[in-house]
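Below you'll find the structure, written out as structure tokens, and then a few comments.
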Amino acid sequence: MPSSRLLRVYWYDALLGPRPSLEQMTIAHLAGVKIRLGSLNNAGEQKGVDSLIVTDLIDLARNRAVSDAVVLVSGDEDLRVAVQVAQTYGVRVHVLAVDDPKKNVSTALQMEADSVETLDEQWLQKHVAITSADVRSVSTLSAAAPVSMVAPAPNNNVSQAEMSLDVAVQCVCNELVTKTAGGEVQQLNSHFDSNTTVPPEYDGKLIAKTATLIGRKLMAEEKRFARGIFVKHLRALR
């Protein structure tokens, strides 16, 4: 609302693994943004996210923390009761829909909301960009990194079981970094400025691929070693 002061932005998502992803941690560090995470079931469906939205909306209204709440890009009828309760505390609730609200916002939610506005194609083109993967060649990445960080190519005459841990880790790190878009490389380096853990979407691949190359599971100390090499590869691309 033009005359209102923004309290904060709440970002709702589901955990993809045991820890937040790189994207989720990046969002969590943004000023004025609160990330709230539900879970993901075996079918890939988000669980508990709607409950978080409902709880936050009601709590903020009950505590008189907000006068207006904007439910952005959500047309789920499950939010209707939360809207009703928030309104009993004097909060105005507004729905912003992508494209035609008749197609993606439930009729019941539209009836309860104080207003329903549309984010049309022009608005989306101005404010939202779909980025394609910036995949660079191995030779380009190797040229940007110190010689000690360039993983040697696997020798086809060497069996997986005979490949040393050091060579396997270097190969896997080089592969992962090569497939990582430029923007994600920056996000990863920003993440490592304040965190020591490797995001789960990278950590799982790093450990699994390395274990495949050496033909056995990695021990705890070997996992720490692999993660350290991965961080060094990313640092070399600053």
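Computed values, structure above
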{"read-out": "32 Å Cα-Cα threshold exceeded, pairs from LYS47/LYS205; LYS179/LYS217; LYS126/LYS223; LYS47/LYS209; LYS34/LYS209", "value": "LYS126/LYS223; LYS34/LYS209"}
{"read-out": "For segment 28-106: rounded, prolate or oblate by the Cα gyration tensor [a/c cutoff 1.5]", "value": "oblate"}
{"read-out": "Amide H contacts of ALA69 (H built 1.01 Å from N, under 5 Å, at least 5 apart or other chain)", "value": "ARG92, VAL93, HIS94"}
{"read-out": "By accessible area with a 1.4 Å probe, ligands and nucleic acids excluded, highest first: order of THR180, THR26", "value": "THR26, THR180"}
{"read-out": "Accessible surface of HIS127 - all protein chains present, 1.4 Å probe, nearest 10 Å²", "value": "100"}
{"read-out": "Among ALA236, ALA220, THR196 - extreme Cα towards positive end, dipole of segment 195-238, charges at beta-carbon", "value": "ALA236"}
{"read-out": "Pairwise FRET efficiency - ASP76 versus ARG224, Cβ, R0 = 41 Å, nearest 0.05", "value": "0.45"}
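The values are calculated or read from the model by the stated rules, or taken from the named source; none is laboratory data. Every value quoted in this text rests on a predicted model; they were computed, and no experiment measured them. Ideal geometry is used to build each Cβ from the backbone, glycine not excepted, and the neighbour counts take in all protein chains shown. Note: areas computed on protein heavy atoms with side chains; ligands, DNA, RNA excluded. Shrake-Rupley method; radii C 1.70, N 1.55, O 1.52, S 1.80 Å.
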